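Okay, structure first, notes after.
The values are calculated or read from the model by the stated rules, or taken from the named source; none is laboratory data. Keep in mind it's a predicted model, so treat the numbers as computed, not measured. FYI the Cβ positions are ideal-geometry reconstructions off the backbone, even for glycines, and counts take in every protein chain you see. Ligands, DNA and RNA are stripped out before the accessible areas are found, and what is left, the full protein with its side chains, is counted by its heavy atoms. Shrake-Rupley method; radii C 1.70, N 1.55, O 1.52, S 1.80 Å.
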Amino acid sequence: LMVAITVILAAVIASFVFGMGSSVKKTYNVAVTATQSGNNVIVTLAGGPDVPSLQGINVTCYSSTGTNTTGTLATTVGATVSLQCGSGGADRVLVVGEFKDGTQQILLDTFV
């Protein structure tokens, strides 16, 4: 009886654990950098193994003065976009990648 209960319990746990794994989405690995240059924020696509899966990159800069600036970054390694955004130190840069499978992922969320 103990062996039967152990086998049934193991089967229930295994079906629960393996069922959860199918709902986990793929995490993409793409490197993006942001630097401040005067009143401009320069965002650069540095590379990564999942760059070929990119369909588009949206960049938003939230200035410490309350203004928002948006732009798009090309999906080729080394591509840059310059956004006029504040004076540095407290400007938030949010970079979101859109991939060919329809998912979106935050690639960079930092202050410059």
Out of these labelled values of Cα Rg over 2.2 N^0.38 Å, [x] 1.04; [y] 1.62; [z] 0.91, which was calculated from the coordinates shown here?
[y]
In whole percent, the fraction of accessible protein surface over the chain that belongs to carbon or sulfur atoms, probe radius 1.4 Å, stands at 60 percent
Farthest positive-ward along the chain dipole, Cα basis, beta-carbon charges - from LEU94, ASN39, GLN105
GLN105
Computed magnitude of the charge dipole of the chain (debye, nearest 20; Cβ of K, R +1, Cβ of D, E -1):
120 debye
Which whole-Hz couplings ³J(HN,Hα) result when phi for each residue of segment 65-82 is put into the Karplus expression 6.51 cos²θ - 1.76 cosθ + 1.60, θ = phi - 60°, listed in order with x for Gly and Pro?
8, x, 9, 10, 10, 10, x, 10, 10, 5, 8, 9, 4, x, 5, 10, 9, 10
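Net charge within 13 Å of GLY66 by Cβ-Cβ distance, Lys/Arg positive one each and Asp/Glu negative one each, not counting GLY66 itself?
Here the count lands on 0.
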